[in-house]
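Some notes on the structure that comes next.
Each value in this text was obtained by applying a stated rule to the coordinates, not by laboratory testing. Since the structure is predicted, the reported quantities are computational estimates derived from the model, not experimental observations. Here the Cβ positions follow ideal geometry from the backbone for every residue, glycine too, while neighbour counts run over all protein chains shown.
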Amino acid sequence: MVQNSMRLLEERTGRTAQAWAKLADRDGPAGASARRDWLKKEHGLTTNYAMWIANMSLGEGLADMDAAAYLEAAEGYVDAMFAGRRAGLKPTYDHLLETALALGPDVKACPGKTAVPLYREHVFAQIKPSTNTRIDLGLALGDLPATPPLIDTGGFAKKDRITHRIPVSSPGEVDATVKRWLRKAYDRNR
């Protein structure tokens, strides 16, 4: 997915990811977070592109650029996310992931270090352990009103993909309502 996105980046901007990384290293501020914000504000890049390029400019995130390296690292990302005090959330994660993958044969999970985005054509949801006792199921629902159990993330105003979230603390909380909102995010991503 990242490799395809990098090809699209060059088509859309006329610069390769490597060229963007050199620019960020040369002209951008120090630190991944500051560079990400700079790339978004000054160059209009989306959150994911800005994150990948900022990390790349600092010599990080290289597993995202190579399919074999990513596949080797991905399982470790999930293990690390649910280690220690968050180990109790692993059954909830497993249930959310199973529920999402059952939406259709085109659903892909692409674990990162802090969250597991779920893709169809684009990200339609993400599973993110937010505390030691809660996972936030992030959803790409655009400008839909946030009615309970949905919580507005402020993402729509920031032009982020994930615009809403539902807090989930146990597999039993993945009820018909949560499944309905997950399906809605999946269906909107056509």
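Compute the longest continuous run of the chain that contains no exposed GluC sites (Glu not before Pro); treat a site as exposed when its DSSP state is not H, G, I, E or B and it has at most 16 other Cβ atoms within 10 Å.
The reported range is 122-190.
Suppose R0 equals 41 Å; then what is the FRET efficiency for ALA102 and THR13 from their Cβ-Cβ distance, rounded to the nearest 0.05?
My answer for the efficiency is 0.65.
Between ALA34 and ARG190, what is the FRET efficiency for a Förster distance of 35 Å, r being their Cβ-Cβ separation, to the nearest 0.05?
0.45
If you fit an axis through the alpha-carbon atoms of helix 17-27 and take the longest principal axis of the Cα set of the chain, what angle between them do you get, 0 to 90°, nearest 10?
Between helix and principal axis, roughly 70 degrees.
I'd like the orientation of helix 2-13 relative to the chain: the angle between its Cα long axis and the longest Cα principal axis, in ° from 0 to 90, rounded to 10.
In the chain, helix 2-13 runs at an angle near 50 degrees to the longest axis.
Using +1 at the C-beta of Lys and Arg and -1 at the C-beta of Asp and Glu, which of ALA140, LEU9, SER169 has the Cα lying farthest in the positive direction of the dipole of the chain?
Highest projection toward the positive end goes to ALA140.
Compute the acute angle (0 to 90°) between the alpha-carbon long axis of helix 90-101 and the principal axis of greatest extent of the alpha-carbon atoms of the chain; round to the nearest 10°.
Relative to the chain, helix 90-101 is tipped by roughly 80 degrees.
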